[in-house]
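A quick write-up on the structure given underneath.
The values are calculated or read from the model by the stated rules, or taken from the named source; none is laboratory data. Keep in mind that this is a model prediction, so the values were computed, not measured. Every residue, glycine as well, gets a Cβ built from its backbone with ideal geometry; the counts of neighbours run over all protein chains shown.
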Amino acid sequence: MLLDVILISFAIAYLRGGRLRSIPTFNYIVFLVISIVLQFMAIFFNGIAGVFISLAYIAMICFFYANREHEDIRIFMIGWFLNALVIWLNKGRMPIDLEQAKKLPFSVEPLINGSDFKHSILNDNTLLPFLGDIIHMPFIIPRIISIGDLFIMLGAFLLVQRITNKPISLIRLREGKNYVAKH
């Protein structure tokens, strides 16, 4: 989901004069690894994929919480929590608007027949439908995204800016301070 966002973020950072000098260190990286493994396992166990996805989201929130001192990670955490909330309330699958999904260049058949391990069709029984995948994003890599995904994309953009030594702080912008000069 984020490949194009990350590539664009690096391009913008490069145009801003940023260079990748070092990879930041993160606390409790094991939670990130656990999350990735659990999401991968969900592919092979469709019947209980929701359990794997839910546990993966818990592990990822633990990773974000352990690294919350960084603004970009806090923004990631907000998006991840919003996505986790709607997934947890809807039996371990992200609700997706079928009409929006039909706009994608992919078959909606797995969604319709229930074999999509990560998504369910948004309907009248969906809890918190406004947090589901309801926003059509047609450019670069076509997809349907959620409000949580918007926060995740913003967090990814800000993280790339930070690791290329050209950080942007939304808090500092609001305060009118020059964040880069102090950090």
Worksheet item: Considering only the stretch 23-61, how many residues are within 16 Å of the chain's Cα centre (by Cα), closer than 26 Å to ASN165 by Cα and of a type outside the set (Val, Ile, Thr)?
Response: 3
Item to complete: Please tell me if ASN83 is touching a residue at least 60 places away in the same chain (Cβ under 8 Å) and under 21 Å from GLY114 (Cβ atoms).
Response: yes
Worksheet item: Counting just the residues of the stretch 63-77 that are in a helix (DSSP H, G or I) and surrounded by fewer than 17 Cβ atoms within 10 Å (Cβ to Cβ), which one comes out farthest from the chain's Cα centre (by Cα)?
Response: ALA66
Item to complete: Report, by residue number, each residue of the stretch 108-120 that is farther than 24 Å from GLY155 by Cα, modelled with pLDDT of 90 or more and outside any helix (DSSP H, G or I).
Response: VAL108, SER120
Worksheet item: Can you tell me which of ALA49, ALA56 is in a helix (DSSP H, G or I), at pLDDT below 90 and not aromatic (Phe, Trp, Tyr)?
Response: ALA49
Worksheet item: ILE144 passes all but one of (1) modelled with pLDDT of 90 or more; (2) assigned to a helix (DSSP H, G or I); (3) in contact with a helix residue (DSSP H, G or I) (Cβ under 6 Å, 6 or more places away or on another chain); which number fails?
Response: (2)
Worksheet item: Between a first residue in the stretch 62-74 that is under 16 Å from ALA84 (Cα atoms) and a second residue that is hydroxyl-bearing (Ser, Thr, Tyr) and crowded, with 16+ Cβ neighbours inside 10 Å, which pairs have beta carbons less than 7 Å apart while being 6 or more apart in sequence or on different chains?
Response: PHE63/SER35
Worksheet entry | Which numbered condition LYS91 misses (of (1) in a helix (DSSP H, G or I); (2) loosely packed, with under 15 Cβ neighbours inside 10 Å) | (1)
Discussion item. If I filter the stretch 100-113 for residues that are under 17 Å from LEU85 (Cα atoms) and either touching a helix residue (DSSP H, G or I) at 6+ places or on another chain (Cβ under 7 Å) or hydrophobic (A, V, I, L, M, F, W, C) (or both), do I get at least one hit?
Written reply: no
Fill in: Members of the stretch 121-139 that are among the aliphatic types (A, V, I, L, M) and surrounded by fewer than 17 Cβ atoms within 10 Å (Cβ to Cβ)
LEU127, LEU128, ILE135
Worksheet item: With ILE96, ILE73 as the choices, which residue is of a type in the set (Val, Ile, Thr) and touching an Asp or Glu at 6+ places or on another chain (Cβ under 6 Å)?
Response: ILE96
Practice prompt. For the stretch 1-34, name all the residues that are touching a residue at least 12 places away in the same chain (Cβ under 8 Å), surrounded by fewer than 12 Cβ atoms within 10 Å (Cβ to Cβ) and of a type outside the set (S, T, N, Q).
Written response: LEU3, GLY17, ARG19, ARG21, ILE23, PRO24
Discussion item. Every residue in the stretch 1-24 that is part of a helix (DSSP H, G or I) and touching a Lys or Arg at 6+ places or on another chain (Cβ under 6 Å), please.
Written reply: ALA13
